[in-house]
Amino acid sequence: MATEYISLKNLRFLMHDVHDVAYFTKNFDHYKQHDPEMFDIMLDTAKQIGDKELHPFYQTMDRKHVPDIFDGVTKVHPQIPNIVKAMAESGWTRAIVPEEYGGMQLPSMVRVAGEFIFQAANNGAMFYSELTTGAAKLIQSFGSEELKAEYLEKMYDGEWLGTMALTEPDAGSSLSDLTTTATPQDDGSFKITGQKIFISAGDNDFSENVIHLLLARIDGAPSGTKGISLFVVPKYRKDAKGELVDNDVIPAGVYHKMGQKAAPAMHLIFGEKENCHGYLVGEPNKGLKYMFQLMNSARIAVGVMGASISSAAYYASLQYAKERKQGRKIDAKNVHEPQIAIIEHADVKRMLMYQKAIMEGSMSLVFEASRSFELSKVGDGEEREHHQLLLDLLTPVVKTYPSEEGIKSVSTGIQCFGGYGYTEDFPLEQMLRDIRITSIYEGTTGIQSMDLLGRKVVMKGGKAAMAYFQEVNKTVEEAFKYEALKPYAKLLKKEMEQLQQVTMHLTGKAMQGEIELFLADANLYMELFGLIAIAWQWLKQGVEAQKQIDQGNAAGDDLNFLQSKIHTMKFFFHYEVPRTKGLAQRLQDDEVLTVGFENMLV
Ligand SMILES: Cc1cc2nc3c(=O)[nH]c(=O)nc-3n(C[C@H](O)[C@H](O)[C@H](O)COP(=O)(O)OP(=O)(O)OC[C@H]3O[C@@H](n4cnc5c(N)ncnc54)[C@H](O)[C@@H]3O)c2cc1C
């Protein structure tokens, strides 16, 4: 198994140089106790945890102790408790939690950098602590003081684990159709009745408790999204004496998944014996709004996951391509010459460049969104609003591009391995199975694409789109200052003009009331938007790399690293960006063959 799964040098370049994490420590009192050198130490610690607790178990968790229910108990891999403990003890679980809740109050970019390491090391094993942090954050943001006192510390300490319980058999993409009910009780609690499916890390055999953040409908609530409330539903609730007693949450089954087998996706039944109590979070009927806080963070986390698995696949492919000898140079005549490493073949180099371009471009986009996430909280006035708009617009793209393109990138990695890539001798086949889910959960690509085009691009009279165009233009202007980057600055400028033209064409349909036609090809619009967003991130990385090269202080490996950034930027512009032409043509073609025509699918 390849030993490398992530490059700390690349993470540091992105976090410090391209996305300027020091901006936060310099400009906001909120982070005054931190300095950027400390962030590097944290990343070193994260890598040590990755190397020791996560990565060595990546393949075994896929094959041994795969979670399942035995005699009513959901057994998980014995290493999982150690991972949860390591995350809590090292402080990563509380990395961005405010100090008043015992957190480290770090800029979220640092947490994202840590996540890249953990996810690349062993993505499936991270569900337990990640979902717990997300669930606790919901209680922290919207829960009563009583709920906070009862749950937060134990959850952030990793003693009680958390889940997000939204999906039901007949309510997946369409959450407005969920039917789980909540009946008010005299003691202020609610009796919960219903079923949830696919609940990740929905149960285990080691934590003292499992806390489900669950969506349900209070009796008599309006139908649709307006009648959904959020509840804390523990596996064990406290009785009058403060003892933990069974709360009638039954683990009914574990789905046998294609990948990410370290964490079970569970079917849970709530209140079969009419004895399941839930506790309302915040106000009634505002549950979906609250849950969106977790869902938006989770969408960015899926982007992190896509880029991280792509990273692990890239470094494994790179190592293999350097070691595997096969064939000779195309112009070599002598069959007695030794075979060469496959990395010397242009087509293999193209595949590796493709993987690198997708992965490092995706990572940069995630950092970009994470920067906006932070500024939308701590920035002042206009800066805050600007970054909230950017974050709203970028979230579906950050969820989608690293997932969809990551899947292709890992599949390309398998191609680099030839026949061995298709076997269990190497981790690529597992990585492909693992990454495949990223375009499905947390809102499928179809749903994200409709969100991007149907809501985000047009919201507030196109204000978010304007904020985005402004940001991209800033990078284009910067790039024009460097002779070597001018051709790429020009290209991106043209691409942005084309994107605006396509957007206007499509929104024109919306204005004519042709909503179905407007959104029919939203998925392709997402592809176009994503390509340009990554081209922007590559130009941004190119500007920083060129600046450092021109300063003349880099030599050896450092210089090579910067040159490889410029080279990969060029690769992205020359090999990937041209795909926008076909997409733009399709999106402006009025022959739509997918609205109606159901009888054509025979
Ligand atoms: C491994 C795994 C882990 C999961 N973890 C969790 C979890 O922890 N908590 C949780 O609550 N859920 C979880 N889920 C559920 C997941 O979020 C849903 O599976 C996902 O949102 C899709 O819902 P669905 O499966 O019902 O598909 P459907 O909604 O039936 O979608 C099927 C297809 O139809 C398309 N489609 C649906 N509606 C529309 C529309 N209006 N317009 C256009 N196309 C549409 C979709 O894009 C998709 O391609 C998990 C799922 C899996 C597989």
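Listed here are the residues, each with its yes/no results for (1) in contact with a Leu (Cβ under 8 Å, 6 or more places away or on another chain); (2) of a type in the set (Ser, Thr, Tyr); (3) within 25 Å of HIS55 (Cα to Cα); (4) at pLDDT below 95.
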{"site": "VAL397", "(1), (2), (3), (4)": "yes, no, no, no"}
{"site": "GLY418", "(1), (2), (3), (4)": "no, no, yes, no"}
{"site": "GLY421", "(1), (2), (3), (4)": "yes, no, yes, no"}
{"site": "THR444", "(1), (2), (3), (4)": "no, yes, no, no"}
{"site": "GLU478", "(1), (2), (3), (4)": "no, no, no, no"}
Study note, to complete from the structure: For segment 568-602 the number of residues that are out of contact with any helix residue (DSSP H, G or I) (no Cβ under 8 Å at 6 or more places or on another chain) and within 22 Å of TYR482 (Cα to Cα) is 1
Point to revise | Selected residue [more than 26 Å from ILE435 (Cα to Cα) and within 16 Å of the ligand (Cβ to nearest atom)] from ILE199, ILE192 | key: ILE192
Exercise for review: Name every residue in segment 218-230 that is within 22 Å of GLY134 (Cβ to Cβ) and either outside any loop (DSSP other than H, G, I, E, B) or at pLDDT below 95 (or both), in order of residue number.
Suggested key: THR225, SER229, LEU230
**Study point:** Filter pass, ILE440 being hydrophobic (A, V, I, L, M, F, W, C), within 16 Å of the ligand (Cβ to nearest atom) and without any contact (Cβ under 8 Å) to a residue 40 or more places away in the chain
**Key:** yes
Exercise for review: Give, as residue ranges, the helices (runs of 4 or more DSSP H) completely inside segment 19-126 that count at least 2 residues that are hydrophobic (A, V, I, L, M, F, W, C) and at pLDDT 95 or above.
Suggested key: 22-27, 36-49, 80-89, 108-122
Revision key, fill the gap. Of the conditions (1) among the hydroxyl-bearing types (Ser, Thr, Tyr); (2) closer than 24 Å to PHE573 by Cβ; (3) surrounded by fewer than 24 Cβ atoms within 10 Å (Cβ to Cβ), the single one that THR423 does not satisfy is (2)
Revision key, fill the gap. Among the residues of segment 113-163, the number that are polar (S, T, N, Q), over 28 Å from PRO36 (Cα atoms) and surrounded by 24 or more Cβ atoms within 10 Å (Cβ to Cβ) is 1
Exercise for review: List the number of the failed condition for PRO67; all other conditions in (1) surrounded by 16 or more Cβ atoms within 10 Å (Cβ to Cβ); (2) under 22 Å from the mean Cα position of the chain (by Cα) hold.
Suggested key: (2)
Exercise for review: Just give me the residues in segment 262-310 being buried (at least 23 other Cβ atoms within 10 Å of the Cβ) and assigned to a loop (DSSP other than H, G, I, E, B), in sequence order.
Suggested key: ALA262, ALA263, PRO264, GLY271, CYS276
Review point. For segment 153-177, which residues satisfy the criterion of being more than 10 Å from the ligand (Cβ to nearest atom) and part of a loop (DSSP other than H, G, I, E, B)?
Key: ASP157, GLY158, GLU159
Exercise for review: Out of the residues in segment 231-259 that are among the small types (Gly, Ala, Ser) and assigned to a loop (DSSP other than H, G, I, E, B), state the one that is farthest from the ligand (Cβ to nearest atom).
Suggested key: ALA240
Point to revise | Among (1) at positive phi; (2) surrounded by fewer than 16 Cβ atoms within 10 Å (Cβ to Cβ) - the single one GLU442 does not satisfy | key: (2)
Point to revise | Boolean, PRO98 is under 27 Å from ILE49 (Cα atoms), away from the ligand (no atom under 16 Å from the Cβ) and out of contact with any His (no Cβ under 8 Å at 6 or more places or on another chain) | key: yes
Point to revise | Subset of segment 311-335 that is of a type in the set (Gly, Ala, Ser) and modelled with pLDDT of 95 or more - its residue that is nearest to the chain's Cα centre (by Cα) | key: SER311
Exercise for review: Please work out which residue is surrounded by the fewest Cβ atoms within 10 Å (Cβ to Cβ), limiting yourself to segment 178-187 and to residues that are more than 16 Å from the ligand (Cβ to nearest atom) and in contact (Cβ under 8 Å) with a residue 12 or more places away in the chain.
Suggested key: GLN185
Check your understanding: Of all residues in segment 1-30, how many are of a type in the set (Gly, Ala, Ser) and within 22 Å of the chain's Cα centre (by Cα)?
Key -> 1
Review point. With respect to ILE218, is the statement that it is more than 28 Å from the chain's Cα centre (by Cα), crowded, with 23+ Cβ neighbours inside 10 Å and away from the ligand (no atom under 12 Å from the Cβ) true?
Key: no
Revision key, fill the gap. Within segment 356-391, residues acidic (Asp, Glu) and surrounded by fewer than 21 Cβ atoms within 10 Å (Cβ to Cβ) come out as ASP380, GLU382, GLU383, GLU385
Study note, to complete from the structure: Just one listed residue, out of GLN33, GLN59, is within 23 Å of the chain's Cα centre (by Cα) and surrounded by fewer than 20 Cβ atoms within 10 Å (Cβ to Cβ), and it is GLN59
Review point. Which residue, of ASP44, ASP71, is free of Cβ contacts under 8 Å to residues at least 12 places away in the same chain and of a type in the set (D, E, K, R)?
Key: ASP71
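The values are calculated or read from the model by the stated rules, or taken from the named source; none is laboratory data. If you're wondering where the values come from, they're calculated on a predicted model, not measured in any experiment. A quick note on method: Cβ atoms are made from the backbone with ideal geometry, for glycine too, and the neighbour counts reach across all protein chains shown.
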